[in-house]
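The values are calculated or read from the model by the stated rules, or taken from the named source; none is laboratory data. Worth saying up front: this structure is predicted, and the values here are computed from it rather than measured. Cβ: placed from backbone, ideal geometry, glycine included. Neighbour counts: every protein chain shown. The area values use the complete protein model at the heavy-atom level, side chains included, leaving out ligands, DNA and RNA. Shrake-Rupley method; radii C 1.70, N 1.55, O 1.52, S 1.80 Å.
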Amino acid sequence: MEKIKTLRGFRDIYGEEVEKLRLIETTSRKYFELFGYREIIIPVLENTGLFIRSIGDTTDIVEKEMFTFKDLSGESVTLRPEATAGIVRAYLETGMFAKERVSKLFSIGPMFRHERPQKGRYREFRQIDVEVFGIDDPMIDAELIWMTSFILKEIGLEKYAIEVNSVGCPVCRTNFKNIIVDYFEAKEENLCDDCKRRLRKNPLRIFDCKNKQCKEIGAASPVLFDNLCDSCKIHFYGFLEYLNTLKLNVSINKRLVRGLDYYTRTVFEFISNELGAQNAFLAGGRYNNLVEAMGGPNVPGIGFAIGMERLAMLIDKTVKKATPQFFFAYLGDRAKAFIIPFMERFIEKNLKLSYLPQAKSLKSQMRYADAIKADYVLILGDDEIEKNIIVVRDMAKGNQFNIPLDNLALIQNLSAFLEK
Ligand code: ATP
Ligand code: MG
């Protein structure tokens with residue numbers, strides 16, 4: 001019979017990749033806790049209108065990447081392509097905006113985009129999302145980068161670059177739009193069809209086009225950065241000063257724009273050239289008008305998302321295990337009966353253990369211990385029981401020795417004991 005397979009762009013994740021994703025998640029959670037961020041869990045499925053309204057109807061996501069369908073009652077629903085829209089909705093719907101002056105939130109989970117699958121680009125992927133509501137001061141923009149640098153350092157990532165820019169506010173953008181429309185209109189015949197359309201509807205989006213010719217034309221254009229209004233300039237230089245105080249190295253990329261309409265002022269990306277064409281593993285920015293545009297009060301916001309799979313691709317070392325893994329090998333039924341209560345005391349001590357319930361030979365058990373990467377194998381047979389000992393094999397060093405069976409404490413602290 002023909003086997004059913006996963007959908008295009010969807011994947012099963014297992015083994016080492018899961019360990020890496022877990023490491024990214026636990027490390028992030030640790031620093032979110034330390035910096036005072038609280039978790040929010042939001043639905044995966046939302047009203048289609050939520051995304052159209054917040055992300056913008058001329059963005060790539062809304063134009064061609066959303067998993068949108070009608071549910072059984074005929075309502076148009078969408079699998080979330082990103083988290084900010086849903087978090088802003090929740091911030092308003094739960095009344096959080098009225099209860100707290102500042103809300104620092106994070107959320108972790110899968111996102112869905114109907115894109116062409118390739119390395120580092122899937123139709124279901126995971127993001128760690130961080131959002132701060134209620135502060136416009138650029139210290140918080142810097143804090144997000146500061147906090148992230150702790151997370152990346154602990155994960156062991158050293159080679160990456162941080163690019164920052166300001167995309168201004170509606171005031172500077174209106175002025176700049178005229179400048180940019182003049183520039184692109186003169187070169188309109190060489191733009192791709194999408195960009196011809198963008199030129200009328202949303203000219204700033206031309207900078208985000210992946211088409212080679214559009215990129216070349218865009219690369220020589222005037223930039224918004226040189227046309228910022230005074231208050232956006234002050235905000236951006238304040239941001240740079242805080243980064244400097246925190247000794248965080250960034251470079252200004254005057255052409256950095258983000259693929260969503262709601263950004264104002266600060267935008268940033270963390271990139272690695274080890275990722276190839278999809279080089280950003282984290283991206284974010286400020287969105288001072290989004291909450292209001294979604295029907296809420298005038299509350300500034302800023303946030304970012306880590307692309308978990310892309311960051312996992314950059315962790316090359318194998319993830320260090322937190323606790324050593326013990327494997328119990330037994331020879332015969334008597335030894336098997338003996339080790340069951342023994343194992344129970346290991347679990348009570350939070351020690352990681354495994355065994356083969358239906359072992360045939362010592363050889364097959366050792367092979368299994370090897371496969372699951374056990375750190376220590378404890379071997380027990382009739383002989384050992386007679387002598388009141390247990391054989392301990394250190395798998396990394398390849399040596400073995402005996403320990404008195406009643407010295408459970410010593411066995412349980414084996415790794416600490418052996419490292420001395
Ligand atoms: P890209 O330029 O790669 O399309 P984007 O601007 O669409 O990225 P964002 O919406 O800012 O991405 O999402 C933040 C992060 O999520 C990205 O930097 C990336 O690491 C990750 N990401 C985005 N789309 C995908 C995808 N289809 N598959 C895997 N990771 C993704
Ligand atoms: Mg994209």
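Quick notes
- For the stretch 83-166: span of alpha carbons on each principal axis (Å, largest first): 43, 30, 27
- Base-10 log of normalised Debye intensity for the stretch 325-419 (one unit scatterer per alpha-carbon) at q = 0.12, 0.14, 0.23 Å⁻¹: -0.32, -0.44, -1.36
- By the Cα gyration tensor, the chain has an equivalent ellipsoid whose semi-axes, rounded to whole angstrom, run 53, 24, 21 from largest to smallest.
- Inter-part distance where the stretch 28-75 and the stretch 148-181 are each reduced to a Cα centre, Å: 21 Å
- Each residue was assigned an accessible area with a 1.4 Å probe, and for Thr26 the value is about 80 Å².
- Table column - 3J(HN,Hα) (Hz), the stretch 95-104, Karplus curve with 6.51, -1.76, 1.60, x for Gly and Pro: x, 3, 4, 8, 8, 10, 6, 10, 10, 10
- Area of Tyr355 that stays accessible when all protein chains are in place (1.4 Å probe, Å², to 10): 90 Å²
- Loop-located trypsin sites (Lys or Arg not before Pro) in the stretch 50-107, at most 13 other Cβ atoms within 10 Å (DSSP): Arg101
- Amide hydrogen proximity for Glu82: with H placed 1.01 Å from N in the peptide plane, the residues at 5 or more positions away or on another chain lying under 5 Å are Phe112.
- Relative contact order, whole percent, for the chain stands at 15, derived from Cα pairs under 8 Å and 6 or more residues apart.
- Those lysines that a straight Cα-Cα span of less than 17 Å connects to Lys387, excepting residues fewer than 8 apart in one chain: Lys336
- For the stretch 120-200, trypsin sites (Lys or Arg not before Pro) are listed when DSSP marks them as loop and at most 10 other Cβ atoms sit within 10 Å of their Cβ; the list is Lys159.
- Sulfur and carbon atoms: percent of accessible area, the stretch 325-419 [1.4 Å]: 51 percent
- In degrees, nearest ten, helix 333-348 long axis to first principal axis of the chain (Cα): 40 degrees
- Selection of trypsin sites (Lys or Arg not before Pro), the stretch 211-257, meeting DSSP coil and at most 16 other Cβ within 10 Å: Lys247, Lys254, Arg255
- Using the Cβ-Cβ distance between Ser354 and Asp71 with R0 set to 56 Å, the FRET efficiency works out to roughly 0.80.
- C-alpha center-to-center spacing [the stretch 334-370, the stretch 96-132] in angstrom: 42 Å
- 5 angstrom amide H check on Gln325, placed H, neighbours 5+ away: Asp375, Tyr376
- Å² per residue, accessible surface of the chain at 1.4 Å: 52 Å²
- On Cα atoms only, tilt of 230-245 relative to the major axis of the chain in degrees: 30 degrees
- Within-12-Å neighbourhood charge of Pro222 [Cβ basis; K, R +1; D, E -1]: +1
- Percent accessible area from carbon and sulfur atoms, the stretch 1-124, protein chains only, probe 1.4 Å: 54 percent
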